[in-house]
Each structure stands twice: as structure tokens, then as C-alpha cells.
Amino acid sequence: MPTLREATRLSYSEALGVLVGEKAAKAIAGNFRPAALPMAGAALISLPHVGKTSARRIEAALAIGYWVTADEDINYRISDQHDAAEILMPRMAHLEQEELWVLLLNTRNRVLDVVMVYRGSLNSAQIRIGEIFKMAVRVNAAGIIVAHNHPSGDPTPSPDDVSVTRSIVEAGKLLDVSVLDHLIIGKGRFVSLKERGLFPR
């Protein structure tokens with residue numbers, strides 16, 4: 001059976017047309033690139049031929065796509081930072097606000113779950129480190145990979161990013177949960193703090 005990524009044969013405009021009709025599809029495709037559609041929100045309703053019903057259909061289709069893709073990722077084996085980025089970048093690269101996500105892994109580095117645990121500016125004064133590990137402890141994860149996005153599109157690590165990473169790694173040692181990496185997601189690219197040599201031992 002083909003995966004969701006392999007099965008898609010409709011173009012963006014054709015898929016929208018099936019959902020909301022040709023006129024509404026043309027208005028949406030003319031104003032929102034595919035990657036921007038999840039953030040369109042109430043702005044959809046202001047477009048010609050797009051009412052609340054059409055906007056809800058778009059929202060539902062996005063939700064289905066998210067959950068199908070999320071289900072595909074469960075049990076996927078993470079070999080390196082590129083495998084992790086392949087899962088996380090579609091979810092995070094176009095977010096308008098900073099979010100922190102966690103890949104929960106078993107002892108064989110297979111994905112148990114992918115969860116968003118924090119929304120807001122990532123700095124050591126605000127973030128609650130315990131929240132990052134709550135789900136990991138609940139599902140008995142052996143390890144985690146942490147990721148957050150930079151809405152500016154530039155994934156260059158900041159001093160706060162390095163400081164927060166240090167705190168997360170130290171907490172993981174206390175909880176016996178290995179923190180394998182911290183990825184920073186930008187527009188079309190990412191940075192691995194471990195690969196950059198900014199990851200504490």
C-alpha cells in the first residue's frame with residue numbers, strides 16, 4: 001500500500017477544487033502557498049467564494065493529513081539528525097510562533113510519538129524543563145530528540161538555545177532519559193546542535 005507521500009496525484013489546485021469547488025480553490029491557491037495554508041486561519045473566510053463551510057473543510061482536510069502523516073512516523077527508526085528533521089520540518093518550518101517539539105524514542109531509536117510541548121519564546125527563564133520530559137516518562141521513552149523553530153527562518157543557534165539545551169540534557173540524566181540532539185528548524189534548513197559541537201556531554 002503506498003504511503004501518503006507516494007499516493008498524492010492531485011495538484012494543489014485540484015485537491016482544493018475537490019474540497020471547496022473551483023472558484024474558491026482558485027481564490028485560495030492565488031493567495032496561499034501550500035505550506036502557508038495551515039496558518040491561514042480566519043483569513044480564508046475573507047477571500048471571494050470562501051465561506052465558513054469551505055474554511056472548515058480545509059481545516060478538516062489539514063487535520064486528516066496531519067494525523068495520517070503522524071501515524072506513518074510512528075515506529076520509524078531514527079538513524080541520524082536528518083531522519084529526525086524529515087519528520088519535524090513539515091510540521092515546524094512554517095510556524096509563525098516558536099514551538100518546542102519532542103520525538104519520543106524507544107531503546108532502538110524507533111519513534112514512539114511526536115509531541116508539541118511548548119509554545120513561546122525559548123529561553124531558560126521561561127521554559128519549564130519538566131514539561132519536556134512529562135510524556136517521555138509516561139510512555140517510558142529511552143531517549144528524546146528536542147526541536148524548536150525559528151520563525152525568522154534562520155536556524156542559527158542563539159546563546160539561549162545553547163543554555164536551554166544544557167538544562168534539558170542535565171534533566172535527562174537525572175531522569176535516565178537520553179537527550180540525543182536538539183534541532184533548530186528554519187525555512188528549508190535546520191541546525192543540529194550536536195553536529196555543531198554545541199551539545200553538552
For the stretch 84-102, what are the residues that are over 15 Å from H182 (Cβ atoms) and surrounded by fewer than 19 Cβ atoms within 10 Å (Cβ to Cβ)?
E86, P90, L95, E96, Q97
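Quick check: anything in the stretch 165-186 out of contact with any helix residue (DSSP H, G or I) (no Cβ under 8 Å at 6 or more places or on another chain), in a loop (DSSP other than H, G, I, E, B) and in contact (Cβ under 8 Å) with a residue 60 or more places away in the chain? Give the derivation first.
So the first thing to find is which residues in the stretch 165-186 are out of contact with any helix residue (DSSP H, G or I) (no Cβ under 8 Å at 6 or more places or on another chain), and the list is 165-166, 169-170, 173-174, 176, 180, 186.
Checking the rest, the ones that are also in a loop (DSSP other than H, G, I, E, B) come to 176, 186.
Subset that is in contact (Cβ under 8 Å) with a residue 60 or more places away in the chain: 186.
So far as the stretch 165-186 goes, yes, one or more of its residues are out of contact with any helix residue (DSSP H, G or I) (no Cβ under 8 Å at 6 or more places or on another chain), in a loop (DSSP other than H, G, I, E, B) and in contact (Cβ under 8 Å) with a residue 60 or more places away in the chain.
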Name the single residue, out of those in the stretch 31-46 being surrounded by 14 or more Cβ atoms within 10 Å (Cβ to Cβ) and either under 14 Å from S13 (Cβ atoms) or assigned by TED's automatic domain parsing to the domain that holds L95 (or both), that is modelled with the lowest pLDDT.
L37
If you take the residues in the stretch 47-73 that are assigned to a helix (DSSP H, G or I), closer than 15 Å to G17 by Cα and touching a helix residue (DSSP H, G or I) at 6+ places or on another chain (Cβ under 7 Å), which one is modelled with the lowest pLDDT?
L62
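Residues checked against (1) out of contact with any strand residue (DSSP E or B) (no Cβ under 9 Å at 6 or more places or on another chain); (2) closer than 27 Å to L62 by Cα; (3) of a type outside the set (D, E):
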{"site": "E96", "(1), (2), (3)": "yes, yes, no"}
{"site": "W101", "(1), (2), (3)": "no, yes, yes"}
{"site": "R108", "(1), (2), (3)": "no, no, yes"}
{"site": "M116", "(1), (2), (3)": "no, yes, yes"}
{"site": "D176", "(1), (2), (3)": "yes, no, no"}
{"site": "V179", "(1), (2), (3)": "no, no, yes"}
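Could you list all residues from the stretch 187-201 that are in a loop (DSSP other than H, G, I, E, B) and touching a strand residue (DSSP E or B) at 6+ places or on another chain (Cβ under 6 Å)? Spell out how you get there, then give the answer.
Narrowing the stretch 187-201 to residues in a loop (DSSP other than H, G, I, E, B): 187-189, 193-201.
Correct list: L193, K194.
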With respect to M92, determine if the residue is modelled with pLDDT of 80 or more and within 22 Å of F190 (Cβ to Cβ).
yes
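If I ask for residues that are of a type in the set (S, T, Y) and over 16 Å from H150 (Cβ atoms), which ones from the stretch 83-131 would you list?
Those that are of a type in the set (S, T, Y) and over 16 Å from H150 (Cβ atoms): T107, S124.
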Provide a single number: the residues in the stretch 103-145 that are assigned to a helix (DSSP H, G or I) and either polar (S, T, N, Q) or surrounded by fewer than 12 Cβ atoms within 10 Å (Cβ to Cβ) (or both).
2
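The values are calculated or read from the model by the stated rules, or taken from the named source; none is laboratory data. Being a predicted model, the structure only gives us computed values, none of them experimental. Heads up, the Cβs are rebuilt from the backbone with ideal geometry, glycines too, and the neighbour counts pull from every protein chain shown.
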